[in-house]
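Below is one structure, written out as structure tokens, with a few remarks after it.
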Amino acid sequence: MSDDLAVRARLRAALAQTTRRLGEAGVPSPSVDARALIAAAARSERPLVLLETLPESFGAELEEFTVRRERREPLQLILGRAPFRRLMLTVRPGVFIPRPETELAVDLLREHLRGPLELVADLCSGTGALGAAVLDEIPAARVLAVEVEPAAAALSAENLEAAGPGRGSVVRADLTGPVPQLAAAAPIDAILSNPPYIPPDAVPRDAEVLDHDPHRALFGGGADGLGVPRAVIAWAVHLLRPGGVLVMEHADVQGAAARAAAADSGGFDLIRTAPDLTGRDRFLVARRADGAPSPGSERLTR
Ligand SMILES: C[S@@+](CC[C@H](N)C(=O)[O-])C[C@H]1O[C@@H](n2cnc3c(N)ncnc32)[C@H](O)[C@@H]1O
């Protein structure tokens, strides 16, 4: 057998065996994950069918990756990266892995904003996913990220710098208390936020989430999980310029409560809930009023 045919035979066997092992371990998408692990061990971005050589480390590395995935370590942490909109972000253990549903927040922002988009705050930034996407897609924009956890704040800085060199900065602070650097940045054109919002009694089931996403990234505080989200809304009233927009992710059962919190603040003339791509209510969109809110102002609710 020629060398390239031998490589393909080895890859076919690896794919069958890795898919079987991941399936037996309860991994929800064993074949997709097996392909990703094989490509990482092969150190190639090319389709597996086109590979003609494999590095010497292939077998040992694939075994290590497979064992980690069998233990339900998230695929993104094994690969060290996660896709987000047009970017490939660096991810690390101890920092929340960005999710595809969050990507929509950037489109909602552009849809609802009136006026220029120069300064954007990414509150509860984690890897810096939302802020990095803004820097990547809007070349004139600058981003100020705020994140409480030191490891996440450092990773935000890395991903922002990669996406838009010199246009992003990070403040490590707790948004439920005073953050002088953030207050000093007003007026801000837009705020994007995917804060922690899970209520204390809704414990996630997937091992990937429960064992690997930091608890502070999941649970929002308070009986309804909206402790940190309410702080984000209060910051938005304080920071946004008239016509500036807040887009904040929440759980599908929290739409009414998030709208009520925004309405109670008295600072927005448009308040609505936007669905994700599967139709579930997942985002609060609130636009800062031009002046004092008036009874006749535009108010959309679902
Ligand atoms: C659900 S994760 C989202 C991360 C990122 N925005 C994303 O979409 O991938 C929430 C993040 O908020 C941070 N966080 C939690 N409480 C916070 C607080 N009081 N002040 C600032 N950041 C906070 C967590 O450390 C975590 O990184």
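Scan segment 124-137 for residues that are more than 10 Å from the ligand (Cβ to nearest atom) and not in a helix (DSSP H, G or I) and jot them down.
none
How many residues does segment 200-226 contain that are at pLDDT 90 or above, among the charged types (D, E, K, R) and away from the ligand (no atom under 12 Å from the Cβ)?
Total meeting the criteria: 1.
Considering segment 95-124 alone, what residues qualify as being modelled with pLDDT under 95 and on the phi > 0 side of the Ramachandran plot?
Gly115 - this is the single residue of segment 95-124 that is modelled with pLDDT under 95 and on the phi > 0 side of the Ramachandran plot.
Can you tell me which residues in segment 110-134 are crowded, with 24+ Cβ neighbours inside 10 Å and not small (Gly, Ala, Ser)?
Val120, Asp122, Leu123, Cys124, Thr127, Leu130, Val134
Of everything in segment 53-80, what is surrounded by 13 or more Cβ atoms within 10 Å (Cβ to Cβ) and over 25 Å from Glu24 (Cα atoms)? Give them in sequence order.
Passing the criteria: only Leu54.
Check every one of the helices (runs of 4 or more DSSP H) wholly within segment 1-119 and list those with 2 or more residues that are among the β-branched types (Val, Ile, Thr), farther than 30 Å from Pro196 by Cβ and touching a helix residue (DSSP H, G or I) at 6+ places or on another chain (Cβ under 7 Å).
Those helices (runs of 4 or more DSSP H) span 3-24.
Considering only residues that are crowded, with 17+ Cβ neighbours inside 10 Å and within 16 Å of the ligand (Cβ to nearest atom), which ones fall in segment 138-157?
Passing the criteria: Val143, Leu144, Ala145, Val146, Glu147, Val148, Glu149, Ala152, Ala153, Leu155, Ser156, Ala157.
Looking at Val232, is it within 12 Å of the ligand (Cβ to nearest atom), touching a Leu at 6+ places or on another chain (Cβ under 9 Å) and at pLDDT 95 or above?
Judged against the criteria, Val232 is a match.
Just the residues that are without any contact (Cβ under 8 Å) to a residue 24 or more places away in the chain and more than 32 Å from the chain's Cα centre (by Cα), please, taken from segment 18-52.
Listed by number, the list holds a single entry, Leu50.
Give segment 70-92 a look and list any residue that's out of contact with any His (no Cβ under 7 Å at 6 or more places or on another chain) and within 15 Å of the ligand (Cβ to nearest atom), or say none.
Result: Gln76, Arg81, Ala82, Pro83, Phe84, Arg85, Leu87, Met88, Leu89, Thr90, Val91, Arg92.
Return the total of residues in segment 249-281 being within 16 Å of the ligand (Cβ to nearest atom) and in contact with a Gly (Cβ under 8 Å, 6 or more places away or on another chain).
Residues in segment 249-281 being within 16 Å of the ligand (Cβ to nearest atom) and in contact with a Gly (Cβ under 8 Å, 6 or more places away or on another chain): 2 in total.
If you go through segment 171-181 one residue at a time, how many are within 11 Å of the ligand (Cβ to nearest atom) and either of a type in the set (Gly, Ala, Ser) or outside any loop (DSSP other than H, G, I, E, B) (or both)?
Selection size over segment 171-181: 4.
Do we find that Ala231 is in contact with a Ser or Thr (Cβ under 6 Å, 6 or more places away or on another chain) and assigned by TED's automatic domain parsing to the domain that holds Asp174 in this structure?
It is true that Ala231 is in contact with a Ser or Thr (Cβ under 6 Å, 6 or more places away or on another chain) and assigned by TED's automatic domain parsing to the domain that holds Asp174.
For segment 182-199, enumerate the residues that are within 15 Å of the ligand (Cβ to nearest atom), surrounded by 13 or more Cβ atoms within 10 Å (Cβ to Cβ) and free of Cβ contacts under 8 Å to residues at least 60 places away in the same chain.
Tyr197, Ile198, Pro199
Note down all Cβ pairs under 6 Å where the first residue falls in segment 239-251 and is over 25 Å from Arg280 (Cα atoms), the second is at pLDDT below 95 and acidic (Asp, Glu), and they're at least six residues apart or on different chains.
Pro242/Asp290
The values are calculated or read from the model by the stated rules, or taken from the named source; none is laboratory data. Note that the coordinates shown come from a computational prediction; the quantities given were computed from them, not determined experimentally. When we count neighbours, we look across all protein chains shown, and the Cβ atoms used for this are built from the backbone with ideal geometry, even at glycine.
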